[in-house]
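Notes to accompany the following structure.
The values are calculated or read from the model by the stated rules, or taken from the named source; none is laboratory data. Quick caveat, the model's predicted, so the values are computed rather than measured. Don't worry about glycine lacking a Cβ; one is built from the backbone with ideal geometry, like all the others, and counts go over all protein chains shown. Note: accessible area is taken over every heavy atom of the protein model, side chains too, but ligands, DNA and RNA are not part of it. Shrake-Rupley method; radii C 1.70, N 1.55, O 1.52, S 1.80 Å.
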Amino acid sequence: MKKKTPNKLKILNDPIYGFIQIPNSLIFDIIEHPYFQRLRRIAQMGFSNLVYPGANHTRFHHAIGCMHLMQKAVRVLRFKQVEISEEEENGLCIAILLHDMGHGAFSHALEHSIVSEISHEEISLKFMKKLNQEFDGELSLAIKIFEGKYPRKFLCQLISSQLDIDRLDYLRRDSFYTGVTEGNISSDRLIVMMNVKNEELVIEQKGIYSVEKFLIARRLMYWQVYLHKTGLVAENMLVNVLKRAKELAGKGEILFASSSLKYFLYTQINQQNFTDETLEMFSKLDDYDVLSAIKEWTNHQDKILSVLSKMIVDRKLLRIELQMDAFSEAQINKKRSKFSKELGFSEEETNYFVFSQEIKNQAYNTEMPIYILNKKGKLKDIAKASDQLNILALTKPVVKHFICYPK
């Protein structure tokens, strides 16, 4: 009996964009690969669902949405007589599809806990190079674009810049799933206003108000969603749980964990010893491993590990205070002393429950400008082209400080 050839030109139904087409069989095979399917099990927004219950979407959703927007951007630029070859289009779609492959469990929350001195972008690149070997070099152009080494600058800017396809999707998607309407940007309008001048990605004059709204939306989403105080507490507690687990593992304690999580708990991984074996283990690690371990650790004999785990599982989080000025050592030590006595922990152990950090938000960085193309063909930085004074204000980094301690 003749074996049927599978249809690889699939259509996916996305709640934001509607129907999304998978453009070719190579991209279909990449999506089907276990490395990419893992993104279904990585939350896009970490523990934000403890604040916004609808924020349960995944990195898989985001990557597929980015690919769809990239196809739109290529169509728009070609319509405006910008030459983009089939190979370049394919490279762009693959690069944006795989740009988040290196995210660990719970996205940013555990980026420097599971491994140290290596970013998720670097791990994404390792995944892409490994896939390139499996697909006989068909990802070579995508890797060049992703690394920013391709000579056509605007192609690299579509992947990574202050107005890239990644941001156009995640702002709109995160706004949709959280219900925070302030982040609902018009990604279609921004893409339609894109153009290329001197190999630089620019926005036409008519799109200036859409760019202004995009920058303000990004600022509001950071303070209201990504840096929400409850989300900050939960993410830092998650980091502390893993830190304690690694500390216990280093002392030879037996901890419940999946084989992939166990590998990272009992092995110190950094940039130097991140081998192919490490990459394979990383590709098997996702939110499910971490959550199932935390649930089990609620019964662990180590009080710090069990108390922190139970607080996360039951959503009985630490209290948090935010302010513009840094908390003094005297203020922090006062809290430590108080809760050290109440909890029965040493002052060093109390650091897992009482800690202070800072957060920073800069909505627009003038070192990587968004250029507005005026009707005379001249380019102007959005901060100077805009008549909105608040756009200039968005160029200044805003730093806030927070302290967490038990209720």
Query - Count - residues of the stretch 316-329 that are open to solvent by less than 70 Å² (accessible area, probe 1.4 Å) and either without any contact (Cβ under 8 Å) to a residue 40 or more places away in the chain or outside any strand (DSSP E or B) (or both) - result: 5
Query - Top-ranked residue in the stretch 33-59 [being part of a helix (DSSP H, G or I) and open to solvent by less than 20 Å² (accessible area, probe 1.4 Å); ranked as farthest from GLU199 (Cα to Cα)] - result: SER48
Query raised in the report: LYS246 passes all but one of (1) among the basic types (Lys, Arg); (2) within 23 Å of ILE312 (Cβ to Cβ); (3) open to solvent by 40 Å² or more (accessible area, probe 1.4 Å); which number fails?
Result: (3)
Query raised in the report: Out of curiosity, is TYR209 in a helix (DSSP H, G or I), open to solvent by 50 Å² or more (accessible area, probe 1.4 Å) and in contact with a strand residue (DSSP E or B) (Cβ under 7 Å, 6 or more places away or on another chain)?
Result: no
Requested in this report: Out of the residues in the stretch 351-407 that are farther than 30 Å from GLU235 by Cα and basic (Lys, Arg), state the one that is surrounded by the fewest Cβ atoms within 10 Å (Cβ to Cβ).
Outcome: LYS376
Requested in this report: Only residues that are more than 16 Å from ASP169 (Cβ to Cβ) and part of a helix (DSSP H, G or I): list them for the stretch 188-206, please.
Outcome: GLN205, LYS206
Query raised in the report: Counting only residues that are open to solvent by 70 Å² or more (accessible area, probe 1.4 Å), of a type in the set (S, T, N, Q) and within 20 Å of the chain's Cα centre (by Cα), how many does the stretch 272-303 have?
Result: 0
Query raised in the report: SER25 is checked against (1) out of contact with any Ser or Thr (no Cβ under 9 Å at 6 or more places or on another chain); (2) within 28 Å of GLU200 (Cα to Cα); (3) among the small types (Gly, Ala, Ser) and fails just one. What number does that condition carry?
Result: (2)
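Residue-by-condition table, conditions (1) basic (Lys, Arg); (2) open to solvent by 10 Å² or more (accessible area, probe 1.4 Å); (3) over 17 Å from LEU39 (Cβ atoms); (4) out of contact with any Lys or Arg (no Cβ under 7 Å at 6 or more places or on another chain):
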position	(1), (2), (3), (4)
GLN71	no, yes, yes, yes
CYS93	no, no, no, yes
HIS112	no, yes, yes, yes
LYS126	yes, yes, no, yes
LYS130	yes, yes, no, yes
GLU138	no, yes, yes, yes
GLU147	no, yes, yes, yes
CYS156	no, yes, yes, yes
Report summary line: Within the stretch 273-283, the count of residues that are in a loop (DSSP other than H, G, I, E, B) and free of Cβ contacts under 8 Å to residues at least 12 places away in the same chain comes to 2
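So, of the residues in the stretch 1-23 that are in contact with a helix residue (DSSP H, G or I) (Cβ under 8 Å, 6 or more places away or on another chain) and open to solvent by 40 Å² or more (accessible area, probe 1.4 Å), which turns out to be modelled with the lowest pLDDT? Let's see the steps before the verdict.
As a first pass, look at the stretch 1-23 and keep what is in contact with a helix residue (DSSP H, G or I) (Cβ under 8 Å, 6 or more places away or on another chain): 8-10, 12, 14-17, 20-23.
Narrowing the set further to residues that are open to solvent by 40 Å² or more (accessible area, probe 1.4 Å) leaves 8-10, 12, 15, 21, 23.
Numbers: LYS8: 78, LEU9: 81, LYS10: 88, LEU12: 95, PRO15: 96, GLN21: 94, PRO23: 92.
If we take residues in the stretch 1-23 being in contact with a helix residue (DSSP H, G or I) (Cβ under 8 Å, 6 or more places away or on another chain) and open to solvent by 40 Å² or more (accessible area, probe 1.4 Å), then LYS8 is modelled with the lowest pLDDT.
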**Report entry** Qualifying positions in the stretch 293-315 - without any contact (Cβ under 8 Å) to a residue 40 or more places away in the chain and part of a loop (DSSP other than H, G, I, E, B)
**Finding:** THR298, ASN299, GLN301, ASP314
Query raised in the report: Restricting the stretch 89-122 to residues that are at pLDDT below 95 and among the β-branched types (Val, Ile, Thr), which is farthest from SER260 (Cα to Cα)?
Result: ILE118
